[in-house]
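What follows is a single structure, written as structure tokens, with notes after it.
Computed from the coordinates by the stated procedures, all read-outs in this text should not be read as laboratory data. From a predicted model like this one, the values you see are computed outputs, not experimental measurements. When we count neighbours, we look across all protein chains shown, and the Cβ atoms used for this are built from the backbone with ideal geometry, even at glycine.
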Amino acid sequence: MNDITDETFEKAYAQLQQAYAAELPGRFAELRKDLAALAAGEEDAAASLRNRLHQLAGSGGSHGFPELSQIAREAEQWMIGHQTWDSVAVKRLDGAIDQLTSLLDSVPLTGGTGEFETEFPHTFGWQARVVGQHDELLATVAETLTTAGFRVTEHQESEDISAIPASVRPDILVIIGDATDFDTRATAAAWSSNRELRPRGVILVDTGKGHDQLGAVAAGVDAIFHPDQIQDDLAYYAKTLARIGVPPSNVLLVEDDLAQAQLVASALESSNIRVNHAENAARAQEILAQEIPDLILLDVQLPDLDGFSLARLIRQDPKYNLLPIVFLTGRGSISSHIEALRAGADDFLTKPIDQSINLLLQVVITRAERGRRIREMVHKDGLTGLLNHATLMAELQNAVEYAQRNDEEFAFLMIDIDHFKRVNDRHGHLVGDQVLLHVAHVFQSVARASDLIGRYGGEEFGMVLRRSDRDGAGSVARKLQAALRERPATTKDGETVPVEVSIGISVYPGDGSTGSTLAHAADVALYQAKTSGRNRVAFAGHALGAATPAGDPPHEA
């Protein structure tokens, strides 16, 4: 006699369905990877993509998703009839994957009764890359990410990012190193500055005693963990990223209802999101004076000040202009939503939250990630993608403090494009912008991974050269000039635009003990270089050195 009841069977089948649904984001990630490889012209990408579609077509129906099977089968049949994979074909397949992905919107990933919860799948195609010199930590991070369901590649040194095949580009990058070290931040910046290649999450495992928040944000780091947080916090972070997006590091929850606060905090902390709880506006302001969160969840009704007024106070501080604020409100009227938007809200959720936990997680993660990307952009020059003036100067001062602690020398280069006004006058400002972008790319190709480059203003650039003395800085300056001679800019019409630069150099500690004094010294040297004939290199406090072909020693004037 069969003791399995209909209710037991239905529950078991529901669990099977949800386990399958939980695997779908990973399967769709594999489809995306194969499609990217196909667009990049990689061998066997078409066969791999077709095989994955075939598997989805066969498994979807048996797990109660007939529409998924239909879309996958149609895409598979379409691929069988095609042999060339141009942009039109890639777009057609991309649309099919979008259709498959949209089916997940109505599929719950946890049991409606709360009696069970689907475990995170361990066997799909999310990619992770771990970079660092610490073998033991490297192995620990790799093992943690593998257990979390990622395919891990380990590298002891940074690499040519553009040469990585599209099919194995990482969804999450973990860099192991000292957060105050320029080499570490430069590696992060190299990955985050390219929008097409940027991983969804750039993580730093900080081996030092502290971290520079501005430098980390400017470099594009999404989260910082210490070595003792790898096995727990990094694992939760990776699982959350694969499931619903990049989790924020810290959320400020302003809520006087302790039951609601506990419910919200529990939901967020289960996704490795640290929650700072304030029961009133006064406590919220105290917390904001100590640290800047990634997002604020703000109740409208507070005992000492209404949420709308608190939001307006927060927005008055420039530090919080771009900080996402999500209101929690029990009033669902249009007028209250309008008032929330006027007060500076980015979004709003209706209480009680226990009816919309999944929506809460998605709103928090999506809004926080967007806010981080916007703040990251604030530190970069909009045209060239280099550090902007304010961030460059902050990093120059950071370099001074680091050199003081470690008894090191370093150099600062102030670089100006000679006769740039003539370029604008002859070719127009659009070509002038193209020349600036070209110069930025050339400088990036010459610079070491540890060098920081920024746009100082107009046609002027600045470079911080870590562990560099006067001779080393002079060598880099001549390499920059030689690279521009060998790679002149060109217009859309193919016309060559020769570019020459004058360079002023200051060296810590001889030419200054602060960032501003070093910048001033380099600016004075730059002025000497330009007034002495341009296309020259000058050192602060020294005689002028004329520009010479790359590889030749400088000669003093």
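Most tightly packed first, judged by the mean number of other beta-carbon atoms within 10 Å of their residues, the peptides 258-270, 87-99 read 258-270, 87-99. Close amide H partners of Ala278, meaning residues 5 or more places away or on another chain with modelled amide H under 5 Å apart, are Leu253, Val254, Glu255. Amide H contacts under 5 Å for Gln127: Arg151, Asp171, Ile172, restricted to partners 5 or more places along the chain or on a different chain, H placed in the peptide plane at 1.01 Å from N. Using the beta-carbon distance between Asp306 and Asp433 and R0 = 45 Å, what value does 1/(1 + (r/R0)^6) give for FRET efficiency, to the nearest 0.05? Rounded to the nearest 0.05, the efficiency is 0.45.
For segment 303-363, the relative contact order is 34 percent, taking Cα pairs closer than 8 Å that sit 6 or more residues apart in sequence and dividing their mean separation by the residue count.
Name the shape class, rounded, prolate or oblate, that the alpha-carbon gyration tensor gives for segment 366-438, where a ≥ b ≥ c are the square roots of its eigenvalues, rounded holds for a/c under 1.5, and otherwise prolate holds if a/b is larger than b/c and oblate otherwise. Taking the square roots of the gyration eigenvalues as a ≥ b ≥ c, segment 366-438 is oblate. Counted by Cβ distance under 11 Å from Asp304, the other residues give a net charge of -2, where Lys and Arg count +1 and Asp and Glu count -1. The alpha-carbon of Lys421 sits under 18 angstrom from the alpha-carbons of these lysines, leaving out residues fewer than 8 places away in its chain: Lys530.
For the residue pairs Lys33/Lys239; Lys380/Lys479; Lys91/Lys492, the C-alpha atoms sit more than 22 angstrom apart in Lys380/Lys479; Lys91/Lys492.
3J(HN,Hα) couplings calculated from phi for segment 273-281 with the Karplus curve 6.51 cos²θ - 1.76 cosθ + 1.60 (θ = phi - 60°) are, in sequence order, 9, 6, 10, 9, 9, 10, 8, 7, 5 Hz; Gly and Pro show x.
Among 519-531, 72-84, the peptide with the highest mean count of other Cβ atoms within 10 Å heads the list, and the full ranking is 519-531, 72-84.
When peptides 481-493, 497-509 are ranked by their average number of other Cβ atoms within 10 Å per residue, the highest-first order is 497-509, 481-493.
Percent of Cα pairs in segment 250-378 per distance bin of 5 Å, from zero to the largest separation: 2, 11, 23, 27, 22, 12, 3, 0. When the alpha carbon gyration tensor of segment 389-546 is reduced to an equivalent ellipsoid, the three semi-axes, largest first, read 27, 16, 13 Å. The calculated FRET efficiency for Asn280 paired with Ser356, based on their beta-carbon distance and R0 = 22 Å, is about 0.35.
The Cα atoms of segment 313-357 cover 35, 23, 13 Å along the three principal axes, with the biggest extent listed first.
The modelled label-to-label distance between His226 and Ala40, using points 7 Å beyond Cα along the C-beta direction, is 3.7 nm.
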